[in-house]
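One structure below.
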Amino acid sequence: MRKNIVAGNWKMNKTLQEGLALATELNEALAGAKLNCDVVIGTPFIHLASVVAAVDTKVIGVAAQNCANKESGAYTGEISASMVKSTGAEYVILGHSERREYYGETSAILNEKVALTLANGLTPIYCCGEALDVRNANEQNAFVKNQLDETVFNLSADDFKKIVIAYEPIWAIGTGVTASTEQAQDTLAFIRSAIAAKFGQEIADGTSILYGGSCNAKNAPELFAQPDIDGGLIGGASLKVADFKAIIDAF
Ligand code: 13P
C-alpha cells in the first residue's frame, strides 16, 4: 500500500550506546506527535534488538541495512533475514549503492536477498540509482530500469506489492548535492511508469517510492510535495533527532 515514509539509514555510525540514545531521543520526540508519514530507522545489525525494545514500534519501524543471501549455515559473519526478523525489525534496506560498490553486490545476489527478506515477512526497501557519468550522459532512466529489470521486476505482482523502492542517485549521496526537485520527480515518475508497464497502473499507484541523497530539512518540503515522491531515505540527517524530525515534519 502506498504510504508516505521517512526512513533513516544510519549506515556504519553510532556505537550501541549512542544508537540507543539516538533512538530513545527520537522516540520521545515523536511520542504523541501527529505524523503524516511512517517513520523507519535503519540501524546496524547489533543495534536492532535493543532499538526495537527501546522504541514504540507502532510509531518507529526498525530496519536492517542488509541481510545475507543465504538462509542459514556455514557463512561466517553473515546475518540472515530470519535473524533480522527475530529482532522485531520489519524492514531491510537492500541494494544500497554503497553495498553494490564496496561489497560487490550483484543483481543475482540481490535477487536472493529480496527473496529471503520477503520469505521472512520483512519489507525490502530496495535501492536503485545511477552514478554521475550516467546522469551526465542523460542515461539515468535506462540505467535504473535495468537495475529493476534484473531484480525486483522479476517478482510476482503479489510480492512486488510488498516492497518499497528508494531512488538514490549516487552523485547525491553524502555530497551535499541534492538532485533538483525536478530531477527527483522526473526519475521517480519514470520509475512509477516502468512499474505500471510491468505490473499495471494499480500496483504502480500503490507503490511507495522514496528519494534519497542529501535530503535535509530545507529541501524535504519541496521534494515531498511532488506527486511521485512518497518520502525519503535519509543518511546524514538521520543521525540527529532535530534534523530527522524536521524532515518527518516536512509531510
Ligand atoms: P545522505 O542523506 O547522507 O546523502 O545519504 C543518503 C543515503 O545514502 C541514504 O541511504
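Throughout, read-outs are computed from the coordinates displayed, never taken from laboratory work. Note that this is a predicted model, so its numbers are computed, not measured. Here Cβ is always computed from backbone atoms with ideal geometry, including for glycine, and neighbour counts include all displayed protein chains.
List the relative contact order of segment 1-112 as a percent without decimals, with contacts defined as Cα pairs under 8 Å and 6+ residues apart. After rounding, I find 24 percent. Translational diffusion of the chain, estimated by Stokes-Einstein from the Kirkwood radius over alpha carbon pairs at 4 °C in a medium of 1.567 mPa s, is 72 µm² per second. The residues E28, E90, when put in order of fewest to most other Cβ atoms within 10 Å, stand as E28, E90. Ranked by the mean number of other Cβ atoms within 10 Å per residue, highest first, peptides 229-235, 116-122, 59-65 order as 229-235, 59-65, 116-122. Beyond 27 Å in Cα-Cα separation lie the following of the pairs K58/K145; K14/K145; K34/K218: K58/K145; K14/K145. Within the shell defined by Cβ-Cβ distances under 15 Å, the residues around I109 carry a net charge of -3, with Lys and Arg each +1 and Asp and Glu each -1. With the convex hull drawn over the C-alpha atoms of segment 14-95, the volume per residue is 93 Å³. Normalised by residue count, segment 139-251 yields a Cα convex hull volume of 99 Å³ per residue. Look at the alpha carbon pairs under 8 Å that are at least 6 residues apart: their mean separation over the length of segment 129-203 gives a relative contact order of 37 percent.
As a rough guide to protection, the peptides 187-199, 204-216 ranked by mean Cβ packing within 10 Å, highest first, stand as 204-216, 187-199. As a ratio to 2.2 N^0.38 Å, the alpha-carbon radius of gyration computed for segment 58-173 takes the value 1.08. Size of segment 169-226 from its Cα atoms: along the principal axes, largest to smallest, the extents are 35, 21, 15 Å. Taking each of K3/K113; K161/K240; K11/K245 in turn, the alpha-carbon distance tops 25 angstrom for K161/K240.
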